[in-house]
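Asker: Once you've had a glance at the structure underneath, I'll fire off some questions.
The values are calculated or read from the model by the stated rules, or taken from the named source; none is laboratory data. Computed from a prediction, not measured in an experiment: that's the story for all the values here. Accessible surface areas use protein heavy atoms only, side chains included; no ligands, DNA or RNA. Shrake-Rupley method; radii C 1.70, N 1.55, O 1.52, S 1.80 Å.
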Amino acid sequence: FFLLARRSERRQAPNPQDIDRSMSPPGSSTVGDGGGGRDDDDDDEGRGTSYEELRRENMRRNRDRMEKLGVRSLVPKSPKKAKRKWERARHEGPVRQSARLRHVPPVTYELPRDYLEYDGEGGRRGKRRVVPRPPGEAKKVKVAPPPPSPDSCRALAIDKAGWSDPNLVGTLLTPTNGLGPKAFVMARLKGPDGAGRLSPPRFSKYSGIQEWANAVCLFVNVSSKGGQLAYNNLFLDDYGRMTWFAQRFHVEETPVVQRLIRLTSAKAEKGDEVPDPVLLFCRREGEPYVFGGKLSLSEFDPDARPLKFVWTLVGADGLRASEEFLEIVEGN
């Protein structure tokens, strides 16, 4: 009914001036002159243009007509729009969609039960505590590293008796067969094969510590190519001792560090087998190595970073008499 009434008004809308004249009582002023003749609603809404007063009059007429028809209470009020709350979708099942990873178990980011946590009671970072392991749960066993490959230096043994000869101390090991300085020394340590050819074993050419099955070899740069002192490996007491620093990531519990300490601290008794030696090979950077002989431990500083060793050179007399050795340490 409301819509029909609105359409009827639009079709039969009279001239505003005619409406004003017809609604004004005799002797009253016209619309807009400030006179009387307006009801209380006009006073409440304030004075306006002729169009505004016509609009208000139409609204009153429609309201009265709807009350006579009894349909005014049926007009629904427009409900307020409720704000929509956005929630992140939760995936309860598997989310992998790739065909390649469909049968691969998803990655878990749960921490182990014995992981050290912070419970927030010990200051800014919290107090560290150990999460107790439930009873009956087995303790995780450390897995031993895989054995070395058969052609690796860690699986091969050197001739300990041959390299213990004091006459070899101070010898310059000039590379042959197209091998580099370190590869040639590793081939000499391995020894010739059945055909008499020298070939190095598998080893890390970037490491200064080469472990064998029955020995450890240290490759040390004493000075730079120009002879300047560019390294912390210093010879002391007339080449009787030498300072040496382990690699940056080494700590006292590192297996190779423990092995170095154990081998250089052991003393062989009469009748016992010759202990595994720690051999020194030193050079000026970019040049062939000079055999420095066996080492024994003089001092060890576990608090230094990197770890600091002071070695005693067992064949110091042979080094003092070696022109090749004195030439590379001349910068010291």
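Asker: Order 59, 66, 186, most accessible first, counting only protein heavy atoms with a 1.4 angstrom probe. Mind dumping the intermediate values first?
Answerer: Values: 59 85, 66 25, 186 0 Å².
Ranked from most to least accessible, the order is 59, 66, 186.
Asker: Also, I was wondering about something else. If a/c stays under 1.5 just call it rounded; otherwise compare a/b with b/c (prolate if a/b is bigger, oblate if not). Do that for region 175-323, with a ≥ b ≥ c from the square roots of the Cα gyration tensor eigenvalues.
Answerer: The shape class here is rounded.
Asker: Also, quick follow-up: Quote the accessible area belonging to residue 287 in square angstrom, nearest 10, computed with a 1.4 Å probe and with ligands, DNA and RNA left uncounted.
Answerer: Spelled out: residue 287, probe radius 1.4 Å, area about 60 Å².
Asker: Enter the accessible area of residue 294 (Å², nearest 10), with the probe set to 1.4 Å and all protein chains included.
Answerer: 70
Asker: Evaluate the relative contact order of region 165-313 (contact order divided by residue number), counting alpha-carbon pairs under 8 angstrom at least 6 apart; express in whole percent.
Answerer: 27
Asker: Taking the full set of protein chains and a 1.4 angstrom probe, give the accessible area of residue 101 in square angstrom, rounded to the nearest 10.
Answerer: That residue has around 50 Å² of solvent-accessible surface.
Asker: Please compute the contact order of region 146-247 in relative form: average sequence separation of alpha-carbon pairs under 8 Å and at least six residues apart, divided by the residue count, as a percent.
Answerer: It comes to 23 percent, rounded to a whole number.
Asker: A follow-up question, please. Under a 1.4 Å probe, what is the accessible area of region 143-217 per residue, stated in Å²?
Answerer: Result: 55 Å² of accessible area for each residue.
Asker: How would 53, 211, 323 rank on accessible area, largest to smallest, probe 1.4 Å?
Answerer: Largest accessible area first, the list is 323, 211, 53.
Asker: By accessible area of protein heavy atoms, probe 1.4 Å, what ranking do 291, 235 get, highest first?
Answerer: Reading off the accessible areas and sorting them downward yields 235, 291.
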